[in-house]
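Below is one structure, written out as structure tokens; comments come after it.
The values are calculated or read from the model by the stated rules, or taken from the named source; none is laboratory data. If you're wondering where the values come from, they're calculated on a predicted model, not measured in any experiment. Every residue, glycine among them, receives a Cβ derived from its backbone with ideal geometry; neighbour counts consider all protein chains shown. Heavy atoms of the whole protein, side chains included, go into the accessibility calculation; ligands, DNA and RNA do not. Shrake-Rupley method; radii C 1.70, N 1.55, O 1.52, S 1.80 Å.
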Amino acid sequence: MSTEREVMTWDLFGTASRELAEQVVAGGFLPDVVIAIARGGLLPGGAVAYALGTKGVGTLNVEFYTDIGQTLADPRVLPPLMDTSELPGSKVLVVDDVADSGRTLALVMGMLAEHGTEARSAVLYTKPRTIIQPDFAWKETDLWITFPWSAEPPVEGAMSRPND
């Protein structure tokens, strides 16, 4: 694996989030709800929701990557589970940091389709190998991405948990 990386700074994150929201609006999609895919999509989801003026925000916890370039066999939804009872008939924007393999995004979009939502997806980055093309993406890269919120290891003394 190449040691070269795509590095997103906090300033660039602000620009990228705003430009991603502008793409959504230009595409004519005004969501009722923004769902952030945790953990990587938490900050982008919140930033895009603010930029869109969308107050309905939820999270869906999905685990797939275990380390740089290492994944579980399949993505899996982790608790706590989001209450989806109010979603049927809603316009939902799913936000994540990156569509790398695209398997996490495909899982979430499939779940939302089963709940009768009109869902679109938005990511900061997309990779050429993704199995699902997001509806909106800020930038494409095939490099490993260092995000400002995950650039540092956990703080000293933080406990590891089985799903970390």
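Overview of values
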| read-out | value |
| --- | --- |
| Of the DSSP H helices in the chain, those whose Cα atoms cover at least 20 Å axially and whose Kyte score averages -1.0 or more | 10-26 |
| Formal net charge of residues neighbouring K139 (Cβ-Cβ distance under 12 Å; K, R +1; D, E -1) | -4 |
| Dipole magnitude (debye, nearest 20) for segment 87-164, charges at Cβ of Lys, Arg, Asp, Glu | 200 debye |
| Charge dipole (the chain, unit charges on Cβ, about Cα centre) - positive-most of A137, P148, T54 | T54 |
| Dmax and Rg, reported as Rg then Dmax, of the chain (C-alpha, Å) | 15.3, 47 |
| Unit charges on C-beta of K, R, D, E only; dipole of segment 1-156, Debye | 220 debye |
| Accessible-area ranking of R18, R76, R120, R39, largest first, probe 1.4 Å | R39, R18, R76, R120 |
| Accessible-area composition of the chain, carbon plus sulfur, in percent [1.4 Å probe] | 52 percent |
| Rounded to the nearest 10 Å², the accessible area of D135 at probe 1.4 Å | 80 Å² |
| Which of K139, K91, K55, K127 is most accessible, then next, and so on - probe 1.4 Å | K55, K139, K91, K127 |
| Residues of type aspartates and glutamates that K127 reaches as a straight line, Cα spacing below 14 Å, ignoring anything fewer than 8 places off in the same chain | E6, D96, D97, D100, D135, E140, D142 |
| Expected 222 nm ellipticity per residue - DSSP helices of 4 or more, -39500 (n - 2.57), all of the chain, to 500 | -8000 deg cm²/dmol |
| Solvent-accessible area per residue, Å², over the chain with all protein chains present [probe radius 1.4 Å] | 56 Å² |
